[in-house]
Amino acid sequence: MDILILEPFYTGSHASWAEGYTRHSRHKVKVLALSGAHWKWRMHGGAVTLARKYVEQNQHPDVLLATDMLDMTTFLSLTRNRTSGIPAAVYFHENQINYPWSPKDRDKARERDRHYGFINYASALACDRVFFNSNYHRDAFLEELPRFLHQFPDHQDTSQVDTIEKKSRVLPLGFDFSDLRRLSMVSEPTAATAPVDGLTGTRAIVSSSEKGQRPPLILWNHRWEYDKNPDDFFEALKIVASYGYDFEVALLGESFDVIPEAFVKAREELGPRIVKYGYAKDRSEYARWLQRADLLPVTSNQDFFGSSVIEAVFCDCFPILPKRLAFPELFPAELHSACFYRDFSDLVGRLQAALGGIERVRKISFRTVAEKYDWETIAPLYDDALEELAKRR
């Protein structure tokens, strides 16, 4: 079976997802993509360019699989002579209805932000299947959609929410951990599980080796953007630093046109504690920093899945996560007491406890949580879902 992925924003997690599925699918998967830049323009105009490329290349797939960055209504209308009868699906990495817009964004200030959410809504209606990367994401989108539609003056057609719900399902992100295992030379954990002292009601794998006698390294490996809430992250670090705890900080992740002020301030206030500031130059460097890191305090206001968390956990970085968004479904319930916090005060307390007991923390691994998202396990789920969709042709 031939599958064509349509991706107008080919960078970061979107590119990793497309490449990973292409390598691990039992089907023949191709990618038709545009570079990952100017995301708003990609949502508006990307469909026009990809439609032209699709026609020029004379593609004949059995299934079309677009991502949420593509206006599928425009793409399908411009290729109707070639795509009529071809089943189409959309995969939501994120959506612009639930996405927390920065108050500094000009489109938000001028109330022009609604159109991006409407593109997502119309694409979901136009496609035969709608896939979400987590249950949280699916539920949040479907719950918010009626309120979103009620913003418009009339003919909101909220009954269409049920139409979308009936053709939607969850397909988690897949990961290829072979490069992290090879490049970071992560030591394999022991096979046996054992209780971990101080983690009430929790069992975790005990790592076969510790990370060394050095200051604890706190990791940020997310995008440098408003929705990841860097303000709370750096505020928590400043508080524990004022209590005298010794630690270092590695600030990884992509930054775009404007670096958030929180990062600029942190560079001044945390000074020599920051041992890495900026995007890793390649996958090998990224893997080495993940292998070195001890703690991953996450403060995101929005995460529809949490790919950066899964990669860090695979490298035995201990997560300290908010008990909300998509994070709770990534970890089995018996591990929630170990790594989930309730509020900011609880975050600071857990960060203090981890820094104060770093040698114990360094012996803990939750890698099995990450390993269940290996493409070897996840790709067959995609294959089956798309194969079933192709039978409708």
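The values are calculated or read from the model by the stated rules, or taken from the named source; none is laboratory data. Just so it is clear, the structure is predicted and the values come from calculations on it, not from any experiment. Quick reminder, even Gly has a Cβ in these numbers, built from the backbone with ideal geometry, and neighbours come from all protein chains shown.
Which ones in region 355-393 are under 30 Å from V29 (Cα atoms) and touching a Leu at 6+ places or on another chain (Cβ under 8 Å)?
Of all residues in region 355-393, those under 30 Å from V29 (Cα atoms) come to 367-393.
Passing the criteria: V369, Y373, I378, L381, Y382, A385, L386.
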Practice prompt. Determine whether region 217-227 contains at least one residue that is in the same structural domain as F304 (by TED's automatic domain parsing) and either part of a helix (DSSP H, G or I) or at pLDDT below 90 (or both).
Written response: yes
Discussion item. Restricting to region 29-62, and then to whatever is over 21 Å from the mean Cα position of the chain (by Cα) and polar (S, T, N, Q), can you tell me which residue is surrounded by the most Cβ atoms within 10 Å (Cβ to Cβ)?
Written reply: Q59
Practice prompt. Go through (1) among the charged types (D, E, K, R); (2) part of a helix (DSSP H, G or I); (3) modelled with pLDDT of 95 or more one by one and return the number of the condition E7 breaks.
Written response: (2)
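Within region 299-318, can you find the residues that are part of a loop (DSSP other than H, G, I, E, B), over 16 Å from E248 (Cα atoms) and not charged (D, E, K, R)? Steps first, please.
The initial filter retains those residues of region 299-318 that are part of a loop (DSSP other than H, G, I, E, B), namely 299-306, 315-317.
Those still in the list that are over 16 Å from E248 (Cα atoms) too: 299-306, 315-316.
T299, S300, N301, Q302, F304, F305, G306, C315 - these are the residues of region 299-318 that are part of a loop (DSSP other than H, G, I, E, B), over 16 Å from E248 (Cα atoms) and not charged (D, E, K, R).
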Worksheet item: For region 23-72, which residues satisfy the criterion of being closer than 28 Å to F175 by Cβ, at pLDDT 95 or above and assigned to a helix (DSSP H, G or I)?
Response: R23, H24, R42, M43, G46, L50, M72
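Given the residues F118, F141, which is the only one that is free of Cβ contacts under 8 Å to residues at least 60 places away in the same chain, under 25 Å from the mean Cα position of the chain (by Cα) and crowded, with 21+ Cβ neighbours inside 10 Å? Steps first, please.
Values: F118 fails: crowded, with 21+ Cβ neighbours inside 10 Å.
Every option except F141 fails the conditions.
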Worksheet, complete the sentence: D294 passes all but one of the listed conditions (1) closer than 21 Å to D227 by Cβ; (2) out of contact with any helix residue (DSSP H, G or I) (no Cβ under 6 Å at 6 or more places or on another chain); (3) surrounded by 22 or more Cβ atoms within 10 Å (Cβ to Cβ); the exception is number (1)
Discussion item. Of the conditions (1) surrounded by fewer than 23 Cβ atoms within 10 Å (Cβ to Cβ); (2) not in a helix (DSSP H, G or I), L321 satisfies every one except a single condition; which number is it?
Written reply: (1)
